[in-house]
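For reference, the structure is listed below as structure tokens.
The values are calculated or read from the model by the stated rules, or taken from the named source; none is laboratory data. What you are looking at is a predicted structure, and each value in this text was computed from that prediction instead of being measured. Neighbour counts are summed over all protein chains in view; Cβ atoms, including those assigned to glycine, are modelled from backbone coordinates with ideal geometry.
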Amino acid sequence: MTDLHIGPDTAADAERIAVDAVIAADDGAVVAETERLVRGGKARRDERRTLLLPALHALQHEAGWISPGGLNYAAERLGVPPAEAYGVATFYEMFRTDDPGHAESVTHVCVDGACQVAGADDRIAALEAEGRHVHRSPCLGQCERAPALFIQGRGEPDSVPADETDLFAHRQSAKRGNGALPLTDRLGTTDPNDLDSYRAAGGYAALARAIELGSDAVIEAVTQAGLSGRGGAAFPTGIKWRGVADQPSGPKHVVANCDESEPGTFKDRILMENDPFAVIEALTLAGYATGAQRGWLYIRGEYPLATARLQNAIAQAREAGLLGSDVMGSGHGFDIELRRGAGADICGEESARFNSIEGYRGEPRNKPPFPTTHGLFSQPTAINNPETLLNVLGIVLHGAEAYRSRGTERSPGTKLYCLSGAVARPGLYEVEFGTPLGDVLEEAGGVTGNLQAVLMGGAAGSFVGPDSLGLPLTLEDAREAGTTLGSGVIMVFDDTVDMTPVVTRIAEFFRNESCGQCVPCRVGTVRQHEIMVQLGRQGTLAPERLELIDDMARAMGDASICGLGHTASGAVQSALRLGLIGRG
Amino acid sequence: MFGAGGGTSSYTEIEETDVIVLWGSNAREAHPIFFHHLMKGIDKGAQMFCVDPRRTSSAKFADVWLGIEVGSDIALANGVAREIIHAGLTNDEFIAHSTTGYDEFKASVEPYTLDVVAEITGVPAEAIRELAHAYATAEKAQILWTLGITEHHNAVDNVLSLCNLSLLTGHIGRWGSGLVPLRGQNNVQGGGDMGALPNKFPGFQDVVDPEARAKFEAVYGTALNPTPGLHLTLMFEAMERGDLRAVYVIGENPADSEADIHHARKMLEGLDILIVQDIFLTRTAEMADVVFPASIAWAESEGTVTSSERRVQRVRPAVIPPGQARHDTDILIDLADAMGSELGPSKPADMWEELRSLSPLHKGMTWERLESEGGLQWPCPDEDHPGSPFLHGWLWEDDLGGRGPAPFSVVSHEGPKEQLTEEFPWRLTTGRALDSYNTGVQSGGYESPIRYGFALDVNPDDAAQLDVADGERVRVSSPRGSVEMAIRIQPDIPRGLTFTTFHFPELVDSNVLTSDAWDRRSGTAEFKAASIRIDKLARPAVRPESAPTSGVPAGD
């Protein structure tokens, strides 16, 4: 902690300036007030360590890589052992610790799922022919724009080319069913850069109402409404909030999981880009309800537009007294800090995200203890994704009864779906729970071509065949049918697609994203990918190889630390079951 | 303190306390095992204050480091006390029930306003206030200290000033709250417990108490001298007067470790006979007429040691001592035998039984219990007693356990005896480094990649003023002598202060410089505050500081 042994490499001036700029934005872990008074200590060091990820971003952006000298400088300034800093730097897809040998921006091209089918390889070849530096990237969260691109800037900000032309695509893509839909109503109708526009559209009425009701009543309403988490695990939000609120007073946190990295998922990106103030309001409301003083937005590094809009929203909210020492006159102090991820699917796992925010490798923690008691900085923490949070605004404003009037008894409300692949109008759709899968596909203009299969819930989900079009999309029906709604991914494949490379790529994705911490997942995902490669070469698999897949799925399901390992075999197994692959 | 010669608290208590005040201690380096417990406390959320003239590696763990001027501890303690009183944060019920002398004490600290104390200590008033409020309002709080408090000419007053704070707030006699002087060796506590003090029998029973004396005389079968003996510093004065002519040194190296070392060596040289019993041929042993090679207490001997938390633990031999080295007890028994006297039991277990029969603190600790319970903390008055994790719980009892209340002590700031002068304008303080041990007798024989401490640490600004470079050798002089040593430029040390260790007497005889002022009550010399001057050598030979590659020569 304090006995740092820094290696001989030194940072360039520009790297120093970049790191210093990150640290200057913070109040500092070690402050020498006078020659005879220095303030430091563990609390401040913990606080400072959270700046490691931003500092690494700054170095990567400045130099195009994280040089040994730059890393040493960041480690020294932040009081992080250099070996640990290196461990963090090498953890993330967006950071490189070897010299790229050029000073250009790097174009990331998504090679997952819908982008793979839409010709990612051709796109990469074309870009390379233009002399661009290309990085083959896992899902970039832009499946509706396949094949997706993201430019990691050097000397220019990070950017997404499609953002410039595609700002209001959601207007067409959001289903505007019977009456206003709670989550997508404001998309395209309010100015995402302007707090006044948001307030004119009813923004911050929910927070005002919540303060009027008091935190207990808010949590009660959320519980009564039957709201469950929309990230895939479907945990009841009211119980989670109650768990945090019931902890003894002290530092507490609420975290918005804006790190949707599940291949095929882009719903939260569209919410954040087009309704950023709602995310801020809902997180503030969560902080008020749970008694948390600090909110965190952990956002994918590949989402520059959403990042900029959220940062702007935070700044405007602060200025208007909607964040700060006394939120809306409630007496409750609350502020929000934003952290950019750096390309690690595993950081979608809640405890991995805590480690990432704290400046450690984004490896999941064992549970229990659960985040409600030992979350961020081992303090009570409620963590929700933007979709879940936005549901709360409507519940607080209109009551649990109104909320339950949509959807089914066990799956009340509406759900966002990310449609991509072989549909006429890929994009974001909000529909009531209980709507059959076929109807949702129709909303998106129907399947282009003959339907072969639908990947439900993303890479961690499973495939269903054309016989599932009548499946009502609820948590309980999906579970009964042996599939999952997951994070709302509906990725459609027509019968022209050779599924073997698609499923092989899913297996490869898990192999790459496994953090390597626990054995079943570290070994199992590799073996699974090897079997898929073998299948691709041979066309068929011997029965014992097929058995091995099931065997490893059981081992990973039973013994992995986190959900990544638990779900790593779902897509492969379902594809085999449906005969999408391995038919010879 | 309060009539008992031991730290009040168990190691594990610091893991559960709320506020840690580390005062005059670089425990990170000097007490690394204890510091692990302290770090657990920090990890569990304890707030830590560190009071030390240097920003030591321990201070770097603290939430707040207060870098006081050397020797201004009492001013700070009194200022903290006054602030606690004026802010209404005293534990009035505790003061009324368990203490005496509060009114005089209160009046005595009145002059120590935050501003006055800020002026004396050099620490901003706001930080002093913060320390006072954090300590007083914590549910549990501990003050820990070592030689930064006790190696001063007014050591006892320093300790009393800290005791006052615990009495003001009731941070004593409760789990998690206490006063903890850290011991520098695994068995310093045990040495005192067993009567290796000039005025005490085992179990801290007074030599001057006829009843106690009679008890020991009955068991020892001989008359005992009713006059307290001399402590180390008085012994040197007795040597100077010629009253003390024969000295038997067991496991101590005064020819390197005493302050004003030239004087000390002269005294030892002038003795009629000097006997040294040690595991190494120390510098003192080299001067001796007779040397008894001893076995190491750890791994070569059978017996007990007692840690800072008053825990008596068994030690057992694992290897046979080399050559002619023998057990300390065997040497003493044979020596007594040769002199025609019998010392009693010769087996450790039997010696322990005798000790138990004489020391009420240890009465309940059977040899078997020490084994089966993994050590016991005194006091342990009977065989059903579980031992005492902390002391002074009686302060909270309705009848004070039948004792008198604990007294506040009026103490005043004096500052170091040796004031800075035009001739000797720099303050020198001494201390220890992690990988070295006292005079290097036990640690000098090993290589270490992190060794430091043979140079003189100075602040970068001071180095510029002196026009000396890092690694440059300079002449360092005090009113008592001078040595040549290298400069180490150190940003963590305030201007005007210099620091070195005394681990490498063969390389740098730093105790040539240290002050011979000492505390009449504790017998401890003021190692922590000397005045020195720093002169460039006529022809400066610049070379980087480098660690001694292998041991300090065999003689150390």
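Of note:
Quick grid of which residues meet (1) within 14 Å of chain B (Cβ to nearest Cβ); (2) at pLDDT 95 or above; (3) out of contact with any helix residue (DSSP H, G or I) (no Cβ under 6 Å at 6 or more places or on another chain):
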{"residue": "A:A32", "(1), (2), (3)": "yes, no, yes"}
{"residue": "A:L37", "(1), (2), (3)": "yes, no, no"}
{"residue": "A:K42", "(1), (2), (3)": "yes, no, no"}
{"residue": "A:I66", "(1), (2), (3)": "no, yes, no"}
{"residue": "A:G70", "(1), (2), (3)": "no, yes, no"}
{"residue": "A:H102", "(1), (2), (3)": "no, no, yes"}
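- Residue count for the range A:222-237, restricted to those that are in a helix (DSSP H, G or I) and surrounded by 23 or more Cβ atoms within 10 Å (Cβ to Cβ): 3
- B:L361 crowded, with 20+ Cβ neighbours inside 10 Å and either of a type outside the set (G, A, S) or over 22 Å from B:G440 (Cβ atoms) (or both): yes
- Tally of residues being surrounded by fewer than 19 Cβ atoms within 10 Å (Cβ to Cβ) and of a type in the set (A, V, I, L, M, F, W, C) across the range B:441-462: 1
- One residue stands out in the range B:259-280 among those that are in contact (Cβ under 8 Å) with a residue 40 or more places away in the chain and in contact with a strand residue (DSSP E or B) (Cβ under 7 Å, 6 or more places away or on another chain): the one that is surrounded by the most Cβ atoms within 10 Å (Cβ to Cβ), namely B:A259.
- Residue check, A:E84 out of contact with any strand residue (DSSP E or B) (no Cβ under 7 Å at 6 or more places or on another chain) and within 14 Å of chain B (Cβ to nearest Cβ): no
- The set of residues in the range A:423-436 that are in contact with a helix residue (DSSP H, G or I) (Cβ under 8 Å, 6 or more places away or on another chain) and either more than 20 Å from A:R230 (Cβ to Cβ) or surrounded by 24 or more Cβ atoms within 10 Å (Cβ to Cβ) (or both) comprises A:V423, A:R425, A:P426, A:G427, A:L428, A:Y429.
- Residue within the range A:491-504 that is closer than 30 Å to A:N384 by Cβ, buried (at least 23 other Cβ atoms within 10 Å of the Cβ) and touching a residue at least 60 places away in the same chain (Cβ under 8 Å) present: yes
- Given (1) touching a helix residue (DSSP H, G or I) at 6+ places or on another chain (Cβ under 8 Å); (2) modelled with pLDDT under 90; (3) assigned to a loop (DSSP other than H, G, I, E, B), number of the condition A:T189 does not satisfy: (1)
- Applying the criterion of being among the β-branched types (V, I, T) and surrounded by 24 or more Cβ atoms within 10 Å (Cβ to Cβ) to the residues of the range A:238-266, the residue that is farthest from A:A382 (Cα to Cα) is A:T265.
- Test: B:M351 is in contact with a strand residue (DSSP E or B) (Cβ under 6 Å, 6 or more places away or on another chain) and among the aliphatic types (A, V, I, L, M): no
- Residues located in the range B:421-457, provided they are modelled with pLDDT of 90 or more and over 25 Å from the mean Cα position of the chain (by Cα): B:T421, B:E422, B:E423, B:F424, B:P425
- The range B:359-375, residues that are of a type in the set (A, V, I, L, M, F, W, C) and out of contact with any helix residue (DSSP H, G or I) (no Cβ under 6 Å at 6 or more places or on another chain): B:L361, B:M365, B:L370
- Across the range B:36-43, not a single residue is classified as of a type in the set (V, I, T), modelled with pLDDT of 95 or more and buried (at least 18 other Cβ atoms within 10 Å of the Cβ).
For (1) assigned to a loop (DSSP other than H, G, I, E, B); (2) away from every other protein chain (no Cβ under 12 Å); (3) of a type in the set (K, R), each residue gets a yes or a no:
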residue: B:M39; (1), (2), (3): no, no, no
residue: B:I42; (1), (2), (3): no, no, no
residue: B:S57; (1), (2), (3): yes, no, no
residue: B:I68; (1), (2), (3): yes, no, no
residue: B:N78; (1), (2), (3): no, yes, no
residue: B:R82; (1), (2), (3): no, yes, yes
residue: B:L89; (1), (2), (3): yes, yes, no
residue: B:E93; (1), (2), (3): no, yes, no
residue: B:F105; (1), (2), (3): no, yes, no
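- Of the residues making up the range A:291-344, those that are closer than 22 Å to A:S159 by Cβ and not β-branched (V, I, T) number 23.
- Enumeration of residues in the range B:120-150 that are away from chain A (no Cβ under 14 Å) and hydroxyl-bearing (S, T, Y): B:Y135, B:T137, B:T146, B:T150
- For the range B:115-132, filtered to residues that are buried (at least 20 other Cβ atoms within 10 Å of the Cβ) and free of Cβ contacts under 8 Å to residues at least 60 places away in the same chain, the residue that is nearest to the chain's Cα centre (by Cα) is B:T121.
- Any hit, the range B:168-181, residues being among the small types (G, A, S), free of Cβ contacts under 8 Å to residues at least 60 places away in the same chain and on the phi > 0 side of the Ramachandran plot: no
- Residue in the range A:244-259 that is small (G, A, S), under 27 Å from A:Y429 (Cβ atoms) and touching a helix residue (DSSP H, G or I) at 6+ places or on another chain (Cβ under 6 Å) present: yes
- Residue ID - farthest from the chain's Cα centre (by Cα), chosen from residues in the range A:73-91 that are modelled with pLDDT of 95 or more and under 14 Å from A:E15 (Cβ atoms): A:A85
- Conditions (1) under 25 Å from A:L183 (Cα atoms); (2) in contact with a helix residue (DSSP H, G or I) (Cβ under 7 Å, 6 or more places away or on another chain); number of the one not met by A:G375: (1)
- Among the residues listed as B:A469, B:A538, the single one being more than 30 Å from B:L197 (Cα to Cα) and either under 27 Å from the mean Cα position of the chain (by Cα) or at pLDDT below 90 (or both): B:A538
A quick yes/no check of all residues on (1) more than 16 Å from B:A530 (Cβ to Cβ); (2) out of contact with any Lys or Arg (no Cβ under 8 Å at 6 or more places or on another chain); (3) not in a loop (DSSP other than H, G, I, E, B):
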{"residue": "B:K417", "(1), (2), (3)": "no, yes, no"}
{"residue": "B:L420", "(1), (2), (3)": "no, no, no"}
{"residue": "B:R427", "(1), (2), (3)": "no, yes, yes"}
{"residue": "B:S443", "(1), (2), (3)": "yes, yes, no"}
{"residue": "B:E447", "(1), (2), (3)": "yes, yes, no"}
{"residue": "B:R451", "(1), (2), (3)": "yes, yes, no"}
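- B:V117 vs. criteria within 14 Å of another protein chain (Cβ to nearest Cβ), assigned to a loop (DSSP other than H, G, I, E, B) and not charged (D, E, K, R): no
- The range B:196-254 - residue that is of a type in the set (G, A, S), more than 24 Å from B:E526 (Cα to Cα) and surrounded by 15 or more Cβ atoms within 10 Å (Cβ to Cβ) and, of those, nearest to the chain's Cα centre (by Cα): B:G203
- Filtered residues of the range A:274-326 (kept if basic (K, R) and either within 20 Å of A:D163 (Cα to Cα) or in contact (Cβ under 8 Å) with a residue 24 or more places away in the chain (or both)): A:R294, A:R300, A:R309
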